[in-house]
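J.: Below are the C-alpha cells for one structure; questions will follow.
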Amino acid sequence: MIKVGNVEIKGDVALSPMAGISDSPYRRITRRYGSAFSYTEFVSTEQILLGNRKSIDMFRFQEMERPISFQIFGSDLNTVVEAAKRIAPLKPDIIDLNMGCSVAKVSHHGSGAGLLRNLPLAGQMIEGIRKSVSVPVTAKIRLGWDEKNLNYKESVHILQESGVSAISVHGRTKSMAYTGKADWNSIGDIKSFAKVPIFGNGDVASFEEAKDKIKKYEVDLVLIGRKAIGNPWIFSERDKSSASFAEIKKVVIEHLLAMLDFYPNTDDYGLILFRKHFAKYVEGTNFPKDLKNQMLQTESLNMFLQLFSNYEETETNAKLETIELNDILNCETYLVDV
Ligand SMILES: Cc1cc2nc3c(=O)[nH]c(=O)nc-3n(C[C@H](O)[C@H](O)[C@H](O)COP(=O)(O)O)c2cc1C
C-alpha cells in the first residue's frame, strides 16, 4: 500500500491521466479491472475560474473511483491557487499539478511542461495549493525541457521542499513529446534519492512489464497511458488476448452506454467521443476493417449499435455454418462407411 499524504492507494499499477480518455466512464472500467486509483484529465485553471461548465464537469466522478486525483494546469500562481480552492469543495482526494504536457499551446505559455523551465514558480504553486486546500498535492513531471536541460533532480528537490506528497514521472523530455523511448534509468535515479512516493511512467505495454519496472526501478507505482486505451485488461493479470470477443463486446457496450450517460446530448456527442476508444477495443481482434470504418463514421447511435450487433449475428452464423458443415461431413462419412 502506498500513502500519498494521508491517502492510501492499494495496488501499484494505474491509469495515467489522458485528456479525452481518462474521464469518469473509463476510469470506472479501469478501476474495476484493477487500476489502483483515479486521475482525471487535465483541466485548465483559467477555465475553472471562468466557471466554464465543460471544464468543471470534467471533475464529475463516482464514489467507487476514490481515491481520485484532480489534475490541473496553469501558468499563473494566483490562478492556479484560486482554482484549487474552487474545486476543493468537489472533494477530490488529491490535487495534482500538470508539469508534463508537451503540447505547444500549453507548454509554450508556461503551463504543463513549461513549468520545468520555471521551477521556483512550480514550487510556489505546490506550496500555494497545499496551504489553501486540505488534501495532499502532487505533481506530474517530465525529465526536463530537452536533452540539454535534464533538470529532474532540481525539479524533485524543489517540489519536495514545497511540500509535494508524490511525484509522477514520465521518462521523456518535453522536446521528445512522444518520440524515442522513455528513460527508465532516470526514473530509477529519481526513486533512489526521492523522499516521496514516485510513480514511474512511459512505454509500459503490459501488466507484467509494469510489475518488472516496479521490481527493477523500485518505483512505488506504474502509470500506464496509451497501452491502456481500449484495454482495461492491462490492469489485471489477464491479458486482453485471453478475453473472448463476447467479453470485449460487453465492455464496449458498457463503456459506450456510460459515456452516453455522462455526456448527455441529443446529437450522440458521447458516441463521437467513444470512437477513439472503439478503434482501440477492436485492435488486435479479427474485427473486420471495413465494418470498423463504417462504425467509426456513423453519427447515429442506432446505426452503430445495429452494425455491432449484426456482427454478432455474422459470428453466430459463422459458428452455425461450421456446425452444419461438420454435420454434413459426418453424414457423408457415415454414408461412405455404409
Ligand atoms: C491522448 C493523450 C492524452 C494525455 N493527456 C494527459 C493529461 O491530461 N495529463 C497528463 O499528465 N498527461 C497526459 N498524457 C500523458 C500520459 O499521461 C503519459 O504520461 C504518456 O502517454 C506516457 O505514458 P504511456 O507511454 O504509457 O502512454 C496524455 C497522453 C495521451 C496519449
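Where a number appears in this text, it was derived from the coordinates with a stated rule and is not lab data. Predicted, not measured: the structure shown is a model, and the values here were computed from it. Ideal geometry is used to build each Cβ from the backbone, glycine not excepted, and the neighbour counts take in all protein chains shown.
J.: Condition first: touching a residue at least 60 places away in the same chain (Cβ under 8 Å) and within 23 Å of PRO92 (Cβ to Cβ). Can you find one or more residues in the stretch 150-161 that meet it?
T.: no
J.: Something else now. Considering only the stretch 190-202, state which residues are over 19 Å from GLY225 (Cβ atoms) and either surrounded by fewer than 17 Cβ atoms within 10 Å (Cβ to Cβ) or within 10 Å of the ligand (Cβ to nearest atom) (or both).
T.: Correct list: SER192, PHE193, LYS195.
J.: Does ILE94 fit the bill of being in contact (Cβ under 8 Å) with a residue 12 or more places away in the chain and closer than 27 Å to PRO264 by Cα?
T.: no
J.: Another question, if that's okay. Restricting the search to the stretch 67-96, which residues are within 16 Å of the ligand (Cβ to nearest atom), β-branched (Val, Ile, Thr) and either within 15 Å of LEU49 (Cα to Cα) or in contact with a helix residue (DSSP H, G or I) (Cβ under 9 Å, 6 or more places away or on another chain) (or both)?
T.: Across the stretch 67-96, the qualifying residues are ILE68, ILE72, VAL80, ILE87, ILE95.
J.: Between GLY123, GLY144, GLY180, which is buried (at least 17 other Cβ atoms within 10 Å of the Cβ), touching a Lys or Arg at 6+ places or on another chain (Cβ under 9 Å) and over 18 Å from PRO92 (Cβ atoms)? It would help to see each step written out before you state the result.
T.: Details: GLY123 fails: touching a Lys or Arg at 6+ places or on another chain (Cβ under 9 Å); GLY180 fails: buried (at least 17 other Cβ atoms within 10 Å of the Cβ).
Answer to the selection: GLY144.
J.: Output the number of the condition that ALA205 fails; it satisfies all remaining conditions of (1) within 14 Å of the ligand (Cβ to nearest atom); (2) loosely packed, with under 14 Cβ neighbours inside 10 Å; (3) within 13 Å of TYR281 (Cβ to Cβ).
T.: The one condition ALA205 does not meet is (3).
J.: Then there is this: Any idea how many residues of the stretch 102-112 are surrounded by 24 or more Cβ atoms within 10 Å (Cβ to Cβ) and either under 25 Å from PRO67 (Cβ atoms) or more than 14 Å from the ligand (Cβ to nearest atom) (or both)? Show your work before the answer.
T.: We begin by selecting, within the stretch 102-112, every residue surrounded by 24 or more Cβ atoms within 10 Å (Cβ to Cβ); these are 107, 111-112.
Going one step further and asking which of them are either under 25 Å from PRO67 (Cβ atoms) or more than 14 Å from the ligand (Cβ to nearest atom) (or both), we end up with 111-112.
Number of matching residues: 2.
J.: For ARG27, which of the numbered conditions (1) assigned to a helix (DSSP H, G or I); (2) under 17 Å from VAL133 (Cβ atoms); (3) within 13 Å of the ligand (Cβ to nearest atom) fails to hold?
T.: All conditions pass for ARG27, except number (2).
J.: Working carefully through the options MET18, MET99, MET64, find the one that is within 11 Å of the ligand (Cβ to nearest atom) and farther than 18 Å from ARG226 by Cβ. Steps first, answer last, please.
T.: Numbers: MET18 fails: farther than 18 Å from ARG226 by Cβ; MET64 fails: within 11 Å of the ligand (Cβ to nearest atom).
Only one candidate qualifies: MET99.
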